[in-house]
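To start, the structure under review is shown below, and the notes come after it.
The values are calculated or read from the model by the stated rules, or taken from the named source; none is laboratory data. Computed from a prediction, not measured in an experiment: that's the story for all the values here. We place every Cβ from the backbone using ideal geometry, glycine too, and count neighbours over all the protein chains shown.
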Amino acid sequence: MQKKIKSIAVTGAFILFLAFFSVICITRYFHPGEISESERRPLAQFPEKITWAGIIDKTVIDEFEEYSVDQFPFREFFRSLKANFQLKVMRLGEYNGLAIKDGYIAKIEQAFTPELVEYSLGRLQYIYEKFLADNGGKKYVSVIPDKNYFFAKDYGYLSPDYDRLVADVKEKLSGMEYVDVFDALKLSDYYRTDTHWSQDRIGNVVDKLAQAMGCADRLTGEYTKHQYEPFYGVYYGQSAIHPKPDTITYLTNSILEQCTVFDYETGETRGIYDFEKLEGKDGYEFFLSGTKALLRVDNPNATTEDELIIFRDSFGSSISPLLVEGYKSVYLVDIRYVVPDLLNRLIDFENKDVLYLYSALVLNSKSFK
Amino acid sequence: MLLYFIVPFKGKNLVLLAASLLFYFYGEPIYTLLMLATIVSSYIHGLLIDRFRGTFWSVFFLWTSVITSIGALGFFKYSDFFIRNVNSLFKTDFELLELALPIGISFYTFQTLSYTIDVYRGEAKVQKSLIRLATYVALFPQLIAGPIVRYTTVEEELSHRTHSFENFGYGVTRFVIGLSKKVLIADTLGALAQTVHGMEEATVAAAWIYAVAASLQLYFDFSGYSDMAIGLGRIFGFHFLENFNYPFISKSIAEFWRRWHMSLGTWFRDYVYIPLGGNRVSKGRWLFNTLVVWFLTGFWHGADWTFILWGMFFAAFLMLEKFALNRFFAKLPRVFSHIYVVFAILISFVIFSANGLTGAISDLGAMFGAGGIAFWSSETAYYLGSYALVLLVGIVGATPLVKNAVLKVKETKTGAVVCDILEPVFVIVMLMIVTAYFVDGSFSPFLYFRF
């Protein structure tokens, strides 16, 4: 009797499970989701054309499988369940390539891809040789480690060969002075849920760069801190574990407040911080309005005529405001969004100091392609 | 499923057949026709063998049945293997056919063969209903990755089977256990095997981790699928035979093969080994019979020399056991025979999983430090640490420890009640977790799909 009751319970549970998700799946068919906010990507839709040829060559089936996985009801709940099961029950070190320790999330990489690094450095070398080698200014290069560098140091995770990366940078860009900022950083200087560093915690990096570039005595280093929360970094959704969101802390003083930012693409002039972006999908775009091909930050209170050109990725958006005090103008170039050959039509390189400031993450990516 | 349980019994096979064909069509649209042709061929051959029983024509139709089935399997699975070898041996330049392997062809070919041979031998009655025979061959739970269900096993149930909550409940639990073994353990160990195999700097320890992970992956993948097939079969009232019985606890290779992929082992025993004379023959003939069976066993698994080598590896160990090892290990504590079996099995699965013969040599070499590779590295330590618990679960799960513990608990009245209460909870929790893996992960086919 007891066995029969158990069998009925198992049968009932299974049928309820199937029935519940079948009904929700049917409902979902009529109201499909458009995008996954947490993964920042569009969700697959039901195959548009169901043709005999498509069925035979399996493209329809492949599309349907993608659709059914993307549109599965309670997808976020299930992603979270898997992440927690893998990390907390199975005690795996990573979930979909992300490691989570003490609230910090990092993408774990075993190794840099030599071809990608070589290509990125090749592009930077090309710009150096074309515009900078004989421009009369001083040239600096610095590499920003990813959080995985500190995960390796602090928690024993695997890490790509940063020594090799730095050696490659020094070799390829031997005409530039390399500024080492690795020891000026620690894991807590980065956002917990994002790839980037937090502006209020990179004072040591600013000091190192400023000293190397000879503008340290022009920086006051005195700021007022402001905070905005919540900030959901790029790993917040990817990690699926719903960690505590971050806080964006930004720094202001009277000099920064009077600086203007000219956008070469739109011809608009704005302030350093873009408050509208705080409410957007990527709060980090608050710094200098996010990805921009070419910007010029003008400091009307400058005590020098020196100008600086920073070739940068998104890490440069939050650190460059802290260097602005030391210059009359700071140009910010993102060569991922502008054809390098045209740069001399927009910027006069003559006698300007140049800083290449790139994260290892971007150097080891297809961004420059 | 709803339709299956609603319709009266005489319509159930039709519903099951339609669902099975739809299921196969979803994965293999074109080759569904091939499977249907195989079914019709077996059906007609069965009728002809029975019609001409006791005459030359009965033997004739048995052979045409065997040649048709083996011919289709050979054409789709082995053509390129033969062309490649002929090209390499005779320096010819025949073009490869590059045919996609029809899913499950090795399984359903052996099932249809078992039907016609058993009809010829008089061990099975001829099936006069095409729907029933088609239901047997196309039955979706075991269609694509086994076990090889012999016709005689389900002969009665194709006509009369009972449906009950007991069957359904048992089937669901068994299905969920199989699905969990595949998704949670096999796939995770597969990821470990792939990662350590692809490490830039190979180490001896990593090569052994690979061997353990790949072996356990194969076990949990295939036995998981068999559990699912047995469970689904039970839901629909069929009782398929067990296909695995904790093979890693074996004390000899012979015992291992009585516990691993049992449906394949018994198939070769009954349809190849015994007709060849089995072991009641001279020593020389027995050696020949063993070599033939294990050559075919290896070759059944794949059209590659690594699979043939894998089969021959077992043949060699079976011979060694018969002539020397069994007597040797009988004098030693049992733990030594376990160690020997596990060691041989790990080596065998490294060969099985290798990318060609060169890959097999390289993988085996790495296990013994060939090329002066380091024993250990920080990368090895990281992966071992990261997957330690899954490996442990895999190792323990490959033994009857958990099953025995549950049975022990069930011996007491309270324990039995607790287990009965927990079973539906377990089913739902595991279904949720497995669903989470499907929703978040990419498609991950069963390893035995390719056989």
### Query
How about the range A:231-276: which of its residues are among the acidic types (Asp, Glu) and in contact with a Gly (Cβ under 9 Å, 6 or more places away or on another chain)?
A:Asp246, A:Glu257, A:Asp274
### Task
Determine whether the range B:393-415 contains at least one residue that is out of contact with any His (no Cβ under 8 Å at 6 or more places or on another chain), within 30 Å of A:Tyr157 (Cβ to Cβ), modelled with pLDDT of 95 or more and surrounded by fewer than 17 Cβ atoms within 10 Å (Cβ to Cβ).
yes
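Looking at the structure I just gave you, is B:Val434 surrounded by 12 or more Cβ atoms within 10 Å (Cβ to Cβ), of a type in the set (A, V, I, L, M), within 18 Å of B:Asp227 (Cα to Cα) and more than 8 Å from every other protein chain (Cβ to nearest Cβ)?
Numbers: surrounded by 12 or more Cβ atoms within 10 Å (Cβ to Cβ): yes; of a type in the set (A, V, I, L, M): yes; within 18 Å of B:Asp227 (Cα to Cα): yes; more than 8 Å from every other protein chain (Cβ to nearest Cβ): yes.
Considered against the rule, which asks whether it is surrounded by 12 or more Cβ atoms within 10 Å (Cβ to Cβ), of a type in the set (A, V, I, L, M), within 18 Å of B:Asp227 (Cα to Cα) and more than 8 Å from every other protein chain (Cβ to nearest Cβ), B:Val434 comes out as yes.
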### Query
Which residues, counting only those in the range A:1-47, are basic (Lys, Arg) and more than 30 Å from B:Thr173 (Cβ to Cβ)?
A:Arg40, A:Arg41
### Query
Do you know which of the residues in the range A:81-103 that are without any contact (Cβ under 8 Å) to a residue 60 or more places away in the chain and part of a helix (DSSP H, G or I) is farthest from B:Gly394 (Cα to Cα)?
A:Leu81
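Scan the range B:225-244 for residues that are small (Gly, Ala, Ser) and assigned to a loop (DSSP other than H, G, I, E, B) and jot them down. Give the derivation first.
Our first condition is that a residue be small (Gly, Ala, Ser); within the range B:225-244, this holds for B:226, B:229, B:231, B:233, B:237.
Passing the criteria: only B:Gly237.
Residue-wise test of (1) surrounded by 22 or more Cβ atoms within 10 Å (Cβ to Cβ); (2) within 30 Å of B:Phe438 (Cβ to Cβ); (3) away from chain A (no Cβ under 14 Å).
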{"position": "B:Leu133", "(1), (2), (3)": "yes, no, yes"}
{"position": "B:Ala138", "(1), (2), (3)": "yes, yes, yes"}
{"position": "B:Leu143", "(1), (2), (3)": "yes, yes, yes"}
{"position": "B:Gly146", "(1), (2), (3)": "yes, yes, yes"}
{"position": "B:Glu155", "(1), (2), (3)": "no, no, yes"}
{"position": "B:Ala191", "(1), (2), (3)": "no, yes, no"}
#### Entry: Residue count, the range A:337-359 (criterion: assigned to a strand (DSSP E or B) and charged (D, E, K, R))
1
### Residue tally, condition out of contact with any Leu (no Cβ under 6 Å at 6 or more places or on another chain) and closer than 17 Å to A:Ser254 by Cα, over the range A:322-344
5
### Query
A:Asn148: among the polar types (S, T, N, Q), buried (at least 17 other Cβ atoms within 10 Å of the Cβ) and either under 27 Å from B:Gly198 (Cβ atoms) or within 14 Å of chain B (Cβ to nearest Cβ) (or both), yes or no?
yes
### Query
What is the one condition in (1) touching a Lys or Arg at 6+ places or on another chain (Cβ under 8 Å); (2) of a type outside the set (Gly, Ala, Ser); (3) crowded, with 18+ Cβ neighbours inside 10 Å; (4) modelled with pLDDT of 90 or more that A:Glu177 does not satisfy?
(3)
## Note on the structure
When restricted to A:Tyr190, A:Tyr223, the only residue closer than 30 Å to A:Asn84 by Cα and hydroxyl-bearing (Ser, Thr, Tyr) is A:Tyr190
### Index of the failed condition, A:Val143 passing every other in (1) at the interface with chain B (Cβ under 9 Å from one of its Cβ atoms); (2) touching a helix residue (DSSP H, G or I) at 6+ places or on another chain (Cβ under 9 Å)
(1)
### Query
B:Leu392: in contact (Cβ under 8 Å) with a residue 24 or more places away in the chain, part of a helix (DSSP H, G or I), within 30 Å of B:Phe313 (Cα to Cα) and within 13 Å of chain A (Cβ to nearest Cβ), yes or no?
no
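Name every residue in the range A:315-336 that is in contact with a strand residue (DSSP E or B) (Cβ under 8 Å, 6 or more places away or on another chain) and part of a loop (DSSP other than H, G, I, E, B), in order of residue number. Reasoning before the result, please.
Let us first name the residues in the range A:315-336 that are in contact with a strand residue (DSSP E or B) (Cβ under 8 Å, 6 or more places away or on another chain), namely A:315-324, A:326-335.
Once the filter is applied, which keeps residues that are in contact with a strand residue (DSSP E or B) (Cβ under 8 Å, 6 or more places away or on another chain) and part of a loop (DSSP other than H, G, I, E, B), the range A:315-336 yields A:Leu323, A:Tyr327, A:Lys328, A:Asp334, A:Ile335.
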## Note on the structure
Scanning the range B:157-186 for residues that are within 14 Å of chain A (Cβ to nearest Cβ) and among the acidic types (Asp, Glu) gives B:Glu166
### Summary
Within the range B:185-224, residues outside any helix (DSSP H, G or I) and charged (D, E, K, R) come out as B:Glu200, B:Glu201
### Query
What are the pairs, 6+ residues apart or on separate chains, where a residue within the range A:42-58 that is free of Cβ contacts under 8 Å to residues at least 24 places away in the same chain has its Cβ under 7 Å from a residue that is among the charged types (D, E, K, R) and in a loop (DSSP other than H, G, I, E, B)?
A:Pro42/A:Glu34
### Hits in the range A:1-39 (condition: surrounded by 13 or more Cβ atoms within 10 Å (Cβ to Cβ), charged (D, E, K, R) and in a helix (DSSP H, G or I))
A:Lys3, A:Lys6, A:Arg28
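Select, from B:Thr38, B:Thr32, B:Thr109, B:Thr116, the only residue that is polar (S, T, N, Q), surrounded by 17 or more Cβ atoms within 10 Å (Cβ to Cβ), within 14 Å of chain A (Cβ to nearest Cβ) and within 23 Å of the chain's Cα centre (by Cα). Outline the logic, then answer.
Details: B:Thr38 fails: within 14 Å of chain A (Cβ to nearest Cβ); B:Thr109 fails: within 14 Å of chain A (Cβ to nearest Cβ); B:Thr116 fails: within 14 Å of chain A (Cβ to nearest Cβ).
Of the residues listed, the single one that is polar (S, T, N, Q), surrounded by 17 or more Cβ atoms within 10 Å (Cβ to Cβ), within 14 Å of chain A (Cβ to nearest Cβ) and within 23 Å of the chain's Cα centre (by Cα) is B:Thr32.
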### Task
Return the only residue of B:Gly171, B:Gly104 being on the phi > 0 side of the Ramachandran plot and buried (at least 24 other Cβ atoms within 10 Å of the Cβ).
B:Gly104
### Message
Just to be sure before I move on: is A:Glu65 at the interface with another protein chain (Cβ under 9 Å from one of its Cβ atoms) and in a helix (DSSP H, G or I) in the structure I sent?
### Response
yes
#### Entry: Residue among B:Gly11, B:Gly46, B:Gly71 that is in a helix (DSSP H, G or I) and surrounded by 17 or more Cβ atoms within 10 Å (Cβ to Cβ)
B:Gly46
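Among the residues of the range B:369-389, write down those that are part of a loop (DSSP other than H, G, I, E, B) and at the interface with another protein chain (Cβ under 8 Å from one of its Cβ atoms). Give the derivation first.
Applying the first criterion (part of a loop (DSSP other than H, G, I, E, B)) to the range B:369-389 yields B:369, B:373-377, B:387.
Once the filter is applied, which keeps residues that are part of a loop (DSSP other than H, G, I, E, B) and at the interface with another protein chain (Cβ under 8 Å from one of its Cβ atoms), the range B:369-389 yields only B:Tyr387.
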#### Entry: Options A:Ile100, A:Ile50: the member that is within 14 Å of another protein chain (Cβ to nearest Cβ) and either at pLDDT 90 or above or buried (at least 18 other Cβ atoms within 10 Å of the Cβ) (or both)
A:Ile100
### Task
State yes or no: is B:Val149 in the same structural domain as B:Val7 (by TED's automatic domain parsing), farther than 30 Å from B:Val390 by Cβ, β-branched (Val, Ile, Thr) and assigned to a loop (DSSP other than H, G, I, E, B)?
yes
### Message
Just to be sure I understand the filter: pairs with C-beta atoms under 9 Å, separated by 6 or more residues or on different chains, first member in the range B:202-218 and in contact (Cβ under 8 Å) with a residue 60 or more places away in the chain and within 22 Å of B:Ser180 (Cα to Cα), second member among the small types (Gly, Ala, Ser) and outside any helix (DSSP H, G or I). Which pairs pass?
### Response
B:Ser215/B:Ala398; B:Leu216/B:Ala398
### Query
For the range B:270-354, which fully contained helices (runs of 4 or more DSSP H) count at least 2 residues that are under 24 Å from the mean Cα position of the chain (by Cα)?
B:283-301, B:305-320, B:334-353
